[in-house]
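The values are calculated or read from the model by the stated rules, or taken from the named source; none is laboratory data. Keep in mind that what you see is a predicted model, and the values were worked out from it rather than measured. For neighbour counting, all protein chains shown are included, and Cβ atoms are generated from backbone atoms with ideal geometry for every residue, glycine included. Remember, those area values only see protein heavy atoms, side chains included, never the ligands or the DNA or RNA. Shrake-Rupley method; radii C 1.70, N 1.55, O 1.52, S 1.80 Å.
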Amino acid sequence: MKKKTYKRVLTIAGSDPSGGAGIQADIKTISACGCFATSAIVAVVDENTVGVTGVHPVPVPFVTGQIRSVLDDIGTDAVKIGMLHSSELIHAVRETLDCYPQVTDIVLDPVMVATSGDPLLQADAVETLRAVLIPRARVITPNIPEAEILLGSKIDSQESLPEVARELSVRCSGVSVFLKAGHLTDNRLIDVFYNAETNNTLHLESVRCNTVNTHGTGCTLSSALASFLARGMELDSAARAAKDYITAAIEAGAAYKIGNGHGPVHHFHDFWK
């Protein structure tokens, strides 16, 4: 009897011992979205819902070894990339992925600042990320502060987001852009997805949820998007499905109290209450 196969997603990111962000959030999300999760851990992060206390980098050769071990054996249908703290690591991840040209569905979350406001990316690594790794991705998923860093200018209105997303695509080698609007103060929350492959822009609206439980929302959104791409969805459909998933996860997570700061979303809202 022929064996069934999983849809596989490799996440390359740092860990979060509090379970709401990073590798832990990625694995939960990928699993909830119907895929088999594998991982390469780039750093052990000392954090909780209140803030980040420290980051202990994993040696770069060990990171690339994890990636090769997964891809040489299990393979993958998509890759999600999260926190990469240094230029050296960014170069190494790009060089490693280039050894696997068949891997094309790559979603990069340009993690620069934690929900708590703590910096997670070394300052000199921003340009390296833009020039070296973003061009290897199919989609990037910046929030407003990350988009401002990548553009070098302020973003202060919902109306500007479609043009901002297109400009980010132009400056980042034609990558598609899922621009998250959560940091704006409008009551209507409208994320923008610019599909660089079709020159189409989606306006993905949801009701803003009044909750502090937003820890790991960026990790969760990008992992969901990678999962739906791994399952064979077209870009626009995957973006819509990822938006629906993170919206429901935030709404369900708002009913819970965990930790003393920004709690997590409910990754398994479809499975248990």
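Remarks
- Residues located in segment 50-75, provided they are open to solvent by less than 20 Å² (accessible area, probe 1.4 Å) and assigned to a loop (DSSP other than H, G, I, E, B): Gly51, Gly75
- The set of residues in segment 158-179 that are open to solvent by 50 Å² or more (accessible area, probe 1.4 Å), out of contact with any strand residue (DSSP E or B) (no Cβ under 7 Å at 6 or more places or on another chain) and under 20 Å from Arg136 (Cα atoms) comprises Glu167, Val170, Arg171, Ser173.
- In segment 233-273, the residues that are outside any helix (DSSP H, G or I), touching a helix residue (DSSP H, G or I) at 6+ places or on another chain (Cβ under 9 Å) and among the small types (Gly, Ala, Ser): Gly263
- Contact map, segment 230-242: first residue under 19 Å from Arg8 (Cβ atoms), second residue in a loop (DSSP other than H, G, I, E, B) and not charged (D, E, K, R), Cβ cut-off under 7 Å, separation 6 or more or different chains; pairs are Ala230/Cys35; Arg231/Gly34; Arg231/Cys35; Ala241/Met233.
- Segment 137-157, residues that are open to solvent by 30 Å² or more (accessible area, probe 1.4 Å) and either in contact with a Gly (Cβ under 8 Å, 6 or more places away or on another chain) or under 19 Å from Lys243 (Cβ atoms) (or both): Arg138
- Within segment 34-60, being touching a Lys or Arg at 6+ places or on another chain (Cβ under 8 Å), among the hydrophobic types (A, V, I, L, M, F, W, C) and in contact (Cβ under 8 Å) with a residue 60 or more places away in the chain holds for one residue alone: Cys35.
- Residue, surrounded by the fewest Cβ atoms within 10 Å (Cβ to Cβ), within segment 2-30, restricted to residues that are of a type in the set (D, E, K, R) and within 18 Å of Phe228 (Cβ to Cβ): Lys7
- Single match in Leu204, Leu189 (criterion: in a strand (DSSP E or B), without any contact (Cβ under 8 Å) to a residue 24 or more places away in the chain and of a type outside the set (Asp, Glu)): Leu189
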